[in-house]
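The values are calculated or read from the model by the stated rules, or taken from the named source; none is laboratory data. Note that the coordinates shown come from a computational prediction; the quantities given were computed from them, not determined experimentally. No Cβ is skipped: glycine too gets one built from the backbone with ideal geometry, and neighbour counts run over all protein chains shown. Remember, those area values only see protein heavy atoms, side chains included, never the ligands or the DNA or RNA. Shrake-Rupley method; radii C 1.70, N 1.55, O 1.52, S 1.80 Å.
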Amino acid sequence: MNLLVSYNWLKQYVKLKQSPQEFAARLSLSGPSVERIHPQGAALEKVVVGKIVKVKPHPNADKLRVVETDLGSMTKDVVCGGSNLNEGQLVAVALPGSWVKWHGEGEPVEIKEAALRGVNSYGMICGADEIGLLDRFPKKEEKEIVDLTALNLKPGTPLAEALGFDDVVFDVEVTSNRPDAFCMVGMALEASAILNAPMVWKEPKAPKMKAGAKALPLAVSVEAKKLCPRYQALVMKNVKVGPSPAWMKERLASAGVRSINNLVDITNYIRLELGQPMHVFDYDKLGGKKIVVREAKAGEKLAALDGNAYDLKAGQLVIADAERPVAVAGVMGGEESGTTERTTTIVFESAAFEPVSVRRTARALNLHSDSSQLYEKGLSTEVTSPALARAAELAAELAGAEIASKVFDVRASVYKPLVVPFRPSRASALIGVDIPAKDMRRTLTALGFKVVGTGERWKVTVPSWRDHDIEGERDLVEEVARVHGYDNLPSVVPEGRLPLAAPDRALVWEDRAKRALKGWGFTELMTYSFVSKDVAEKSSCGEQEMLRVSNPLTEEFEYMRDRLIGSVLKIVAENQEEAVEGRAFELANVYKPRKGDLPLETPRLMIVSWSRHDDGRDVFAIKGAVEALLEAFGVRGAKFARGEGSDVWHPGRSGVINVGDQMLGGFGEFHPQFLKRFGIDRRVAGVSLDFPMLASWANEAKVFSPIPEFPRVKRDLAFVVERHLEHAAIAAALENADALIASVELFDVYEGKSLGQGKKSMAYHLEFGASDRTLKAEEVDRVLETLRTKLTSDFGAEVRS
């Protein structure tokens, strides 16, 4: 989270004497980090006050004027098309070398001295939107220029100086566990502790009605106290809705907030000042003059302030009147109960809402706001009171409002601050530096903690605004250490031998598999563990449903996948037009649902190959990759067998891989109908492996086979068999036929009309050898004859000569 902090505004709460650069450096070292410094006058560099001496018609353009302008040290002609140009008028003039936004849009453009329609123009007379001053000088007409006459300024004065733009705005990063620092008072407390500067801010007093004044009726109740631990409201009357004063607009603008009207600006101002979101209702639009904090009912709707209508779901927290929801709690108010220029009586809301409830509701509705961003981080129940008091002060000051009710305060329980035991010596030991106990006490006190005790037994009371991030003694030690300054801690080079953790066997094999596959030309995929309902349904095949996430970030992440196939084929479908051929893999976890327990998380390996060819080469590529992987892992005894097919695998072009009596996975071509679900119109082959099983069979031991002492004899053997016969069975029969057979390798399979229907020709490379002699031709011929006989008798083969 980032907060824009005006240095001048911050000084209203804490006495600071440091330069902006020094302040930013000190704060960044011990507290929230200042990412950028924005001098407010930088955008107005070389923009000065000019006085119109004379307005003359342009000789070549009816809509332009030649304006003789006094710039202090000189008088120059400036060509301008403004609609409100008068002699004696003070205007903003952008001199050559300055930068403006043309009509307030697009990127800044550098102003140069140039001829416009034949007349030389020295700079540009600007409209408010062109120099970023539209909030301060609203335009009534499209071509209206800034009129500074009422400010009685001297020509030639730099505009930034004339308008008091001597401020600096810091862009500060606030960590998500510190919503208390996401406001001006919170930032002032940080600055006070870090820079040892006194706070000057005082908490506003609780609002009270005037003696004898009659209260307006209002009933406030909270039905869902777990989701709303505290709700406060206050009625104010005689409200005059209008524009905010200049100081309010400037402070809001410095924080990047646009001024709307005094009531809306008050709620935004308090959010920026105290970190407490607020909302304001039009009292006269609340049905039954009731406010009920409850869960939404099925079928209820709300037209929100963003102009959209939202369907509410049961369980979502809403603010309702006697008739209908009027706001989504902690997220956004409703349009029908919002204030307008005709509003005269209002109800301020200041409340604390359960952060998870706000986050779930905001995401379910896809409705986010500055308020929901804060509530999602967790806010204290005790900030609502000063926020409501401050709102009453500002409403009285800026809108003439009067208090017309008591402060309604409904809370779930009495607040009990957290008390943490603290030992100064333990803190010094953890930090590694001896910090005096008095300095620790000063630091904690400056940060708002209440410290009681002496010696080694302190009791530290956590301030209400820190009750979400301070949990124990170590958190207090961290507060002391950071304010002391991490840069002040001694730097010591570590000595000795670095401890090395024992390698995780599973991770070692995962890394080896990834390295091997990438080395063989496969692209690694990294997809999310969550998939959409569409992908879940496409890849389920009627099996057990995937685990649904109760609060998904988006519809694309609604289910936890229990297989990789959906994620991988989605990638193939998205890339099939651009990459007509491809090989890829993913090694990642899948999540199997378990009743009454967390899902079983196990890694799976999926490898895929696709191309424009229909000759089965992708299946062979997959099979080759698996064989190479098994060899790299030292897995012995793996067998490939024909599969029966399924909704996923092609019935005639797929199989299974077995190691021992365990099935390692399935491989082959995916079923065409299954691919159509993903919009894939070509053949895709793949393999899905149980990676933990594969790793369990892995063996790092290397088996040495000596180079044969005697030469090998090579022969080729070709024969015709029935098409349904498998290579594995034939190869096994050949290998086991005789002890002289050293290796069997299939190198060709052919099918054609010349062989007859249902036939195929298979050809093998055979190697023969013996460990004690060189084989004679007669011995090899004898073994070949044995093989021919066996092929004929066992497989009905017709051996080709």
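Let me know the shape class of the stretch 676-801, please: from the alpha-carbon gyration tensor, a ≥ b ≥ c as square roots of the eigenvalues, rounded when a/c is under 1.5, otherwise prolate if a/b is greater than b/c, or oblate.
Details: a/c = 2.71, a/b = 1.20, b/c = 2.26.
Cα axes put the stretch 676-801 in the oblate bin.
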Chymotrypsin sites (Phe, Trp or Tyr not before Pro) within the stretch 339-414: which are DSSP loop residues with at most 12 other Cβ atoms inside 10 Å?
none
Within the chain, the percent of DSSP beta bridges that are antiparallel, given to the nearest 5, stands at 95 percent
Residue list for the stretch 747-787, given a label point 7 angstrom along the Cα-to-Cβ vector of HIS724 and an amide N cut-off under 13 Å
758-759
The FRET efficiency for ILE707 and LEU746, from their Cβ-Cβ distance with R0 = 25 Å and rounded to 0.05, is 0.55
Keeping all protein chains in place and using 1.4 angstrom, which order do THR384, THR339, THR789 fall into by accessible surface area, from largest down?
THR789, THR339, THR384
Working from Cα positions, state the angle (0 to 90°, nearest 10) between the long axis of helix 473-484 and the longest principal axis of the chain.
60 degrees
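Protein chains only, probe 1.4 Å: how do PHE620, PHE23 rank by accessible area, largest first? Kindly include the intermediate steps, with their values, before the conclusion.
Details: PHE620 140, PHE23 0 Å².
Solvent-accessible surface, decreasing: PHE620, PHE23.
Report in % the part of the accessible area of the stretch 69-224 that belongs to carbon and sulfur, leaving out ligands and nucleic acids; probe 1.4 Å. List each step's numbers first, then the result.
Details: 4060 of 8070 Å².
The C+S portion of the solvent-accessible surface of the stretch 69-224 is 50 percent.
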Please list, in order, the residues from the stretch 475-493 whose amide nitrogen is less than 17 Å from a point placed 7 Å along the Cα→Cβ vector of THR445.
480, 484
Could you tell me what fraction of 2.2 N^0.38 Å the Cα radius of gyration of the stretch 242-336 comes to, as a two-decimal ratio?
1.21
Mind jotting down the three principal axis lengths of the stretch 631-689 based on Cα atoms? Whole angstrom, largest first.
38, 23, 13
Given the Cα-Cα distance of LYS208 and LYS11 and 0.36 nm per residue of separation, how much length would full extension add, in nm?
68.0 nm
Scattering from the C-alpha atoms of the stretch 587-732 alone, worked out with Debye: what is log10 I(q)/I(0) at q = 0.09, 0.11, 0.18, 0.22 1/Å?
-0.38, -0.56, -1.21, -1.43
With angles folded into 0 to 90 degrees, how steeply does helix 617-632 sit against the dominant principal axis of the chain? Use alpha carbons for both and round to 10.
90 degrees
Could you give the length gained by full extension between ASP166 and GLU785, i.e. 0.36 nm per residue of separation minus their alpha carbon distance, to one decimal place?
212.5 nm
At 1.4 Å probe size, what's the solvent-accessible area of PHE530? Round to the nearest 10 Å².
80 Å²
Sites ARG363 and VAL119 - FRET efficiency at Förster radius 45 Å, r taken between beta-carbons, to 0.05:
0.15
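Mind giving me the FRET efficiency for ALA739 and ASP615? R0 is 45 Å, r the Cβ-Cβ distance, nearest 0.05 is fine. Walk me through the intermediate numbers first.
On the way: r = 37 Å, r/R0 = 0.83.
That pair, ALA739 with ASP615, gives E of 0.75.
Would you calculate the convex hull of the Cα atoms in the stretch 374-421 and tell me its volume per residue in Å³?
Details: hull volume 6.2 nm³, N = 48.
Dividing the Cα hull volume of the stretch 374-421 by its residue count gives 128 Å³.
Mind checking the dipole of the chain: about its Cα centre, +1 per Lys or Arg Cβ, -1 per Asp or Glu Cβ, Debye to the nearest 20? Show your work: numbers first, answer last.
Numbers: 105 positive and 111 negative charges, 456 e Å.
The calculation lands at about 2180 debye.
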Kirkwood Rh, Cα atoms: Rg over Rh of the stretch 73-187
1.10
Per-residue accessible area for LYS54 at 1.4 Å probe radius, Å² rounded to 10?
100 Å²
Options (i) 30.6, 115; (ii) 39.4, 128; (iii) 29.2, 97 are given for Rg and Dmax of the Cα atoms in Å, and the computed one is (ii)
Nearest-10 value in Å² for the accessible area of GLU335, using the 1.4 Å probe:
100 Å²
Between ALA298 and GLN18, with labels modelled 7 Å along Cα→Cβ, what's the label distance in nm to one decimal, could you check?
5.7 nm
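For the stretch 713-774, which trypsin sites (Lys or Arg not before Pro) pass both filters: DSSP loop (anything but H, G, I, E, B) and at most 16 other C-beta atoms within 10 Å?
Numbers: sites: LYS714, ARG715, ARG723, LYS753, LYS759, LYS760, ARG773; in loops: ARG723, ARG773.
Sparse-neighbourhood loop trypsin sites (Lys or Arg not before Pro): ARG723, ARG773.
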Range of Cα positions in the stretch 732-801 per principal axis (Å), largest first:
46, 22, 21
Taking the Cα of ALA731, stepping 7 Å toward and past its beta carbon, and measuring to each backbone N in the stretch 657-688: which are under 14 Å?
657-658
Between helix 262-274 and the chain, what is the angle of the helix's C-alpha long axis to the longest principal axis, kept within 0 to 90° and rounded to the nearest 10?
60 degrees
For the residue pair VAL419 and ALA61, what label-to-label distance in nm results when each label sits 7 Å from Cα along the Cα-to-beta-carbon direction?
7.7 nm
Per-residue counts of other Cβ atoms within 10 Å, averaged by peptide: what ranking do you get for 612-618, 480-486, highest first?
480-486, 612-618
In Å, what is the Rg of the alpha-carbon atoms in the stretch 175-215, and how long is Dmax?
16.5, 48
Probe 1.4 Å, accessible area per residue of the stretch 564-676, Å²:
49 Å²
Starting from the stretch 536-636, pick out the GluC sites (Glu not before Pro) whose DSSP state is loop and whose Cβ has at most 16 other Cβ atoms within 10 Å.
GLU543, GLU545, GLU577, GLU578, GLU581
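What is the Rg over Rh value, at two decimals, for the stretch 376-495, using alpha-carbon atoms and the Kirkwood definition of Rh? Each step should come with its number before you reach the end.
Values: Rg = 19.7 Å, Rh = 17.2 Å.
Result for the stretch 376-495 is an Rg/Rh of 1.14.
So for TRP247, TRP99, what's the accessible-area order with a 1.4 Å probe, most first? Let's see the in-between values first.
Numbers: TRP247 85, TRP99 135 Å².
Accessible-area ranking of TRP247, TRP99, largest first: TRP99, TRP247.
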Using a 7 Å offset from the Cα along the Cα-to-Cβ direction at both VAL200 and VAL356, what is the distance between the two label points in nm, to one decimal?
4.5 nm
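Which pairs break 30 Å Cα to Cα here: LYS301/LYS570; LYS297/LYS416; LYS17/LYS240; LYS289/LYS313; LYS570/LYS753; LYS240/LYS450? List each step's numbers first, then the result.
On the way: LYS301/LYS570 36 Å; LYS297/LYS416 33 Å; LYS17/LYS240 39 Å; LYS289/LYS313 25 Å; LYS570/LYS753 39 Å; LYS240/LYS450 42 Å.
The pairs that break the limit, which is 30 Å between Cα atoms, are LYS301/LYS570; LYS297/LYS416; LYS17/LYS240; LYS570/LYS753; LYS240/LYS450.
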